[in-house]
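Visitor: Starting off with a structure, shown below.
No value in this document is a laboratory result; all are computed from the given coordinates. Predicted, not measured: the structure shown is a model, and the values here were computed from it. In this analysis, Cβ positions are derived from the backbone assuming ideal geometry, glycine residues included, and neighbour counts consider all displayed protein chains.
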Amino acid sequence: MCLPSLPAPEQDRKQSEKEYLRRTGARRWEEFKPFLPPGTQAGEESAYLILDFAVLLLTLNPLPSDLILDLGAGSCWCSEWLERLNFRTVSVDISHDMLTLGKARLSQAEGRRLVAGDIECLPFAEGSFQKAFCLNAFHHVPDTLKALREVARVLTPDGVVLFSEPGKGHAEKPASVAAMRDCGVLERDILISDFLDACIRAGFADARLQPMSHVIPRFDLKKGEWDSWLAMARSKRPLRGLRKLWRAALEIAGLGKKSVLFEEAFAIRLVRLLEPIVEHHPVITAYKSPVTRLEPESDLADLALLDAPSLIRPGEPVPVRIRAHNRGTRDWPAPEEVETGCVRVGVQLLDRELALLNRDYFRQQLPRPVRPGETIEVAFEVPAPSEAGEYHLKVDLVRENVAWFEIGGSSVVFHRLAVV
């Protein structure tokens, strides 16, 4: 294992975790976390906690239908923020005291999803959660492999978990030494290579380090360096290969580090800067299924208008038939499967100049779920406007309570309609 043996019995360590809040008097901090209680100053820690949350949100990219497990939730501030973003969570922590604070932070509905439990023996059925995360708590867990196996067990076959933890050197920091001595809790380093290996041994199909997750305030570029960076990004073979041979000759002679050898100097500078930052606070994701792509999931459709009249009486139904091809990466679920996040045809009403009159003019359910790569035809009737005039119907798809497809770059259909 990558983590050292305990200097004290494991059960004593876990009991210390349960009593930690009472021993330290940190209740006020936990009540306001990640912000600070009035009259206190420690903004850097808050900034990194907020950044951790942004990283988990952007990396996990949860769906409205996902049930998300907050591991080592503490006072449940992450679950509270996810609730504000309309996601569903279950918060688990070994400490009843911490969960009591969490209950006060969450709504009544979310507060019922608080569970006292040990990460090494999670009280959930197999495949209960689509997503999971652990922010700055896994380094307190005595048995890494046992805990990781439990996390893998409670995730669905396509589930993913994110860990953001203190890394190399954490156990030797003065605050860690004091916490172990005074409070009896466990403080350990999460070492990247060992932890990645442990994820695979625990049953995950893939595990990856996210080395660019955090802001790097000390890394900057001058105008000339940025221009060279752009040129490096846009370079193509075979000229790029020839330039590499020329740069190799200069490298041997120790020349050109500020000009021709910018790429090598830039890469070394970036690696040297990133290495301690990444090692001291690694962000690692583990996947239950093999990863075939890491791009954000997308809602994209190719729409075609197959049939619709151009002339109609006021208030009469307008028969419309469209064809929709799912060229995105996400399923289009039907409303009977999920309400928030289901996909419907959405019709917006525009005037003759294409100015918006009614964004939510009409909705039509899809006759069946549509997977990526599939095509479907949908026939429906839209009520004509009650007043005579020239209008346009704008046909799009909408993931309910999430977003219209057009916002993500999907095509839409415009149809001119004269009401006489």
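Visitor: Taking θ = phi - 60°, what integer Hz values does the Karplus form 6.51 cos²θ - 1.76 cosθ + 1.60 yield along region 68-75, in sequence order, with x for Gly and Pro?
Guide: 10, 9, 9, 8, x, 5, x, 7
Visitor: Using θ = phi - 60° and the Karplus form 6.51 cos²θ - 1.76 cosθ + 1.60, what ³J(HN,Hα) does each residue of region 40-57 get, whole Hz, x for Gly and Pro?
Guide: Calculated HN-Hα couplings, in order: 10, 9, 6, x, 5, 4, 4, 4, 6, 5, 4, 5, 4, 5, 4, 4, 5, 5 Hz.
Visitor: Continuing with the same structure: Starting from the Cα gyration tensor of region 10-209, take the square roots of the eigenvalues, sort them a ≥ b ≥ c, and report rounded, prolate or oblate (rounded when a/c is under 1.5, otherwise prolate if a/b is larger than b/c, else oblate).
Guide: Rounded shape, in that the Cα axes give a/c under 1.5.
Visitor: Tell me, in nm to one decimal, what length is gained between Val412 and Arg352 on full extension, where the rule is 0.36 nm per residue of separation less the Cα-Cα distance?
Guide: 19.9 nm
Visitor: Go ahead and run the numbers for FRET between Arg84 and Ser128, Cβ-Cβ distance against an R0 of 25 Å, rounding to 0.05.
Guide: Details: r = 23 Å, r/R0 = 0.92.
According to the calculation, E is roughly 0.65.
Visitor: Going by the alpha-carbon gyration tensor, a ≥ b ≥ c the square roots of its eigenvalues, is region 301-419 rounded (a/c under 1.5) or, if a/c is not under 1.5, prolate (a/b greater than b/c) versus oblate?
Guide: Numbers: a/c = 1.92, a/b = 1.83, b/c = 1.05.
It is prolate, given that a/c is not under 1.5 and a/b is the larger ratio.
Visitor: Read phi for every residue in region 404-415 and hand back ³J(HN,Hα) as whole Hz from Karplus 6.51 cos²θ - 1.76 cosθ + 1.60, θ = phi - 60°, with x for Gly and Pro.
Guide: So the J values, rounded to whole Hz, are 6, 5, 4, 4, x, x, 7, 7, 10, 10, 10, 10.
Visitor: Under 5 Å between amide hydrogens, which residues at least 5 positions from Val318 or on another chain qualify, with H placed 1.01 Å from N in the peptide plane?
Guide: Residues meeting the criterion, in which the H sits 1.01 Å from N, are Val382, Ala384.
Visitor: Answer rounded, prolate or oblate for region 77-177, using the Cα gyration tensor with square roots of eigenvalues a ≥ b ≥ c: rounded when a/c is under 1.5, else prolate when a/b is larger than b/c, else oblate. Let's see the in-between values first.
Guide: On the way: a/c = 1.74, a/b = 1.22, b/c = 1.42.
Because a/c hits 1.5 or more and a/b fails to exceed b/c, region 77-177 counts as oblate.
Visitor: Could you calculate the FRET efficiency of Thr156 with Arg22 from 1/(1 + (r/R0)^6), where r is the beta carbon distance between them and R0 is 30 Å, rounded to 0.05?
Guide: 0.25
Visitor: Here is a follow-up. Using Cβ counts within 10 Å as a stand-in for footprinting exposure, how do Cys78, Cys342, Cys121, Cys183 rank, fewest first?
Guide: In increasing order of surrounding Cβ atoms, one gets Cys121, Cys183, Cys342, Cys78.
Visitor: While we're on this one: Compute the separation of the alpha-carbon centres of region 289-332 and region 90-138 and state it in Å as a whole number.
Guide: 39 Å
Visitor: Given R₀ = 56 Å, FRET efficiency for Asp182-Glu297 by Cβ-Cβ distance, to 0.05?
Guide: 0.75
Visitor: Among the listed pairs Lys103/Lys146; Lys14/Lys146; Lys33/Lys288, give every one whose C-alpha distance is greater than 21 Å.
Guide: In this structure, Lys103/Lys146; Lys33/Lys288 lie more than 21 Å apart at Cα.
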